[in-house]
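The values are calculated or read from the model by the stated rules, or taken from the named source; none is laboratory data. Note that the structure is predicted; figures quoted are calculated from it, not measured. Cβ: placed from backbone, ideal geometry, glycine included. Neighbour counts: every protein chain shown.
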Amino acid sequence: MLAVNPFTPGFGVTPPLLVGREHEIDDFRVALQEGIGAIERITLVTGLRGTGKTVMLNAYEDVAKSEGWVVLSETAGRGVLNRLTHTAVPEALRMLEPNQTQSRITGLSVGGGFGAQRQVKELNEPEPNFRSRMNQLLDAMSPETGVLITIDEIHRDDDIELLGSTLQHLRREGRHVAFVAAGLPSMVQDLLASTHASTFLRRADRRHLGSVSEDDVRQALRVPISHGDRTISDHALSAAVAGTQGYPFMIQLVGQQAWRAAHGEHEISSDHVERGVAQAQRKIGQLVHAPAMADLSPTDRSFLIAMADDAQGPSRMADIAARLGVNSSYAGQYRMRLIDAEVIEPAGYGKVEFTIPYLRQYLREHATADLRHF
């Protein structure tokens with residue numbers, strides 16, 4: 001029987017060893033301990049797909065629970081405030097006060113004897129006001145603890161803006177509340193640019209998740225392999241580290257595929273890693289590159305395809321404009337759009353490079369003249 005693969009490349013699944021994020025986690029723990037004015041109690045986490053935004057939300061939630069806080073976890077979308085008001089908060093209240101009910105006489109009947117109709121109503125039955133429900137929940141808790149609300153895939157939405165305003169009121173009233181949301185950089189920027197966005201959200205601590213250092217990647221691969229009662233040679237480990245390019249999702253994907261390639265052998269060899277990296281590159285195309293391209297406009301995609309005409313980067317803006325048949329000013333507009341979306345980055349004067357690992361190779365293999373194929 002094969003040993004259980006310790007690596008977890010599923011989106012939102014906490015890896016066996018979370019590396020490179022200790023500073024953010026420590027700051028948040030201190031903020032919960034320090035008091036209401038701590039900046040990190042209100043945090044927006046941004047990053048590209050595969051950089052571990054949802055994993056970070058999981059880590060923040062674990063910190064809050066360890067400090068005795070109640071955690072309310074949601075994904076942004078239609079009705080998020082309604083779900084918090086009518087489901088999440090009441091469920092938390094029931095956990096704190098499971099036996100509290102109230103009863104009242106609703107009617108009398110006379111004739112053949114005295115009778116009374118009694119209606120039983122839970123004290124924690126949902127009410128339509130989020131602010132009042134939050135106050136009720138906080139009143140039921142120890143004064144040293146509070147409530148953390150986490151929202152994944154945050155974007156511009158009336159519910160999010162109202163949620164921010166409500167939490168701002170609660171903080172002004174001296175309530176222990178914390179809020180952490182995660183989303184793509186472009187979505188968060190759009191939310192904060194809204195004229196209705198609350199000061200509460202605009203003043204949030206911003207944590208951007210990027211690549212992980214080589215030393216951290218090495219640890220994130222070596223430790224789970226060791227705990228799985230296998231070994232990996234130094235040369236194979238170095239090849240695996242290079243294959244991830246410091247991208248958090250690729251750490252788990254390369255680890256998983258190299259482990260599989262070993263087919264139960266005790267030592268993961270360089271050959272296993274080579275096959276694992278090749279398979280991981282194919283999978284990242286399906287799981288990260290294709291969705292990322294789908295979010296972009298046809299012109300954005302054509303810009304990236306023009307970049308991918310270069311077998312290696314960085315790409316010169318003059319070459320990109322010539323391939324697109326546009327002037328430098330027009331090409332520059334899309335350059336800025338893609339930099340803001342963090343799909344590309346400046347790479348010296350007049351040059352740009354891809355930010356997502358292996359995107360150049362993916363585009364060279366999949367791009368066609370008909371951009372609708374994306």
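Return the only residue of L84, L123, L48 being aliphatic (A, V, I, L, M), at pLDDT below 90 and surrounded by 15 or more Cβ atoms within 10 Å (Cβ to Cβ).
The match here is L48.
Of all residues in the range 266-305 being under 30 Å from S238 (Cα atoms) and among the β-branched types (V, I, T), which is surrounded by the most Cβ atoms within 10 Å (Cβ to Cβ)?
The extreme case among them is V273.
Given E353, E342, which one is touching a residue at least 40 places away in the same chain (Cβ under 8 Å), in a strand (DSSP E or B) and of a type outside the set (A, V, I, L, M)?
E353
Would a scan of the range 291-306 turn up a residue that is free of Cβ contacts under 8 Å to residues at least 24 places away in the same chain, in contact with a strand residue (DSSP E or B) (Cβ under 9 Å, 6 or more places away or on another chain) and under 28 Å from G243 (Cβ atoms)?
Checked against the condition, which is being free of Cβ contacts under 8 Å to residues at least 24 places away in the same chain, in contact with a strand residue (DSSP E or B) (Cβ under 9 Å, 6 or more places away or on another chain) and under 28 Å from G243 (Cβ atoms), the range 291-306 yields at least one hit.
Would you call E61 in contact with a helix residue (DSSP H, G or I) (Cβ under 7 Å, 6 or more places away or on another chain), in contact (Cβ under 8 Å) with a residue 60 or more places away in the chain and among the acidic types (D, E)?
no
From the list S165, S186, which residue is among the polar types (S, T, N, Q), under 30 Å from R282 (Cβ atoms) and part of a helix (DSSP H, G or I)?
S186
Each row is one residue, and each column tells you yes or no for (1) out of contact with any Phe, Trp or Tyr (no Cβ under 9 Å at 6 or more places or on another chain); (2) surrounded by 15 or more Cβ atoms within 10 Å (Cβ to Cβ).
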residue: R171; (1), (2): no, yes
residue: R175; (1), (2): yes, yes
residue: S186; (1), (2): yes, yes
residue: A193; (1), (2): yes, no
residue: R203; (1), (2): yes, no
residue: V212; (1), (2): no, yes
residue: Q219; (1), (2): yes, yes
residue: G228; (1), (2): no, yes
residue: A236; (1), (2): yes, yes
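Would you say A290 is part of a helix (DSSP H, G or I) and touching a Gly at 6+ places or on another chain (Cβ under 9 Å)?
no
One residue is enough: does the range 17-38 have a residue meeting the conditions out of contact with any Pro (no Cβ under 7 Å at 6 or more places or on another chain), β-branched (V, I, T) and assigned to a loop (DSSP other than H, G, I, E, B)?
Yes: one or more hits.
Determine if the range 319-334 includes at least one residue that is touching a helix residue (DSSP H, G or I) at 6+ places or on another chain (Cβ under 9 Å), acidic (D, E) and more than 30 Å from P9 (Cα to Cα).
Yes.
Please work out which one of (1) modelled with pLDDT of 95 or more; (2) more than 22 Å from A347 (Cβ to Cβ) is the condition R282 fails and give its number.
Looking at each condition in turn, R282 falls short on (1).
When you scan the range 151-158, do you find a residue that is assigned to a helix (DSSP H, G or I) and either under 21 Å from M187 (Cβ atoms) or outside the structural domain of L81 (by TED's automatic domain parsing) (or both), even just one?
There is at least one residue in the range 151-158 that is assigned to a helix (DSSP H, G or I) and either under 21 Å from M187 (Cβ atoms) or outside the structural domain of L81 (by TED's automatic domain parsing) (or both).
Could you check the range 330-342 and list, in sequence order, the residues that are in contact with a Leu (Cβ under 7 Å, 6 or more places away or on another chain) and closer than 15 Å to G210 by Cβ?
E342
Working carefully through the options G350, G325, find the one that is in contact with a Lys or Arg (Cβ under 7 Å, 6 or more places away or on another chain), at positive phi and either at pLDDT below 95 or not polar (S, T, N, Q) (or both).
Of G350, G325, the one residue that is in contact with a Lys or Arg (Cβ under 7 Å, 6 or more places away or on another chain), at positive phi and either at pLDDT below 95 or not polar (S, T, N, Q) (or both) is G350.
Is there a residue in the range 356-370 that is in contact with an Asp or Glu (Cβ under 7 Å, 6 or more places away or on another chain) and either in contact (Cβ under 8 Å) with a residue 24 or more places away in the chain or buried (at least 18 other Cβ atoms within 10 Å of the Cβ) (or both)?
no
Given the conditions (1) crowded, with 16+ Cβ neighbours inside 10 Å; (2) assigned to a helix (DSSP H, G or I); (3) touching a His at 6+ places or on another chain (Cβ under 9 Å), and given that R337 satisfies all but one, which numbered condition is not satisfied?
(3)
Would you confirm whether any residue within the range 222-234 is assigned to a strand (DSSP E or B) and farther than 16 Å from V13 by Cβ?
Yes, that holds for at least one residue.
Please go through the range 248-303 and give me each residue that is of a type in the set (D, E, K, R) and farther than 23 Å from H208 by Cβ, ordered by number.
Of everything in the range 248-303, those that are of a type in the set (D, E, K, R) and farther than 23 Å from H208 by Cβ turn out to be R260, E265, E267, D271, E274, R275, R282, K283, R301.
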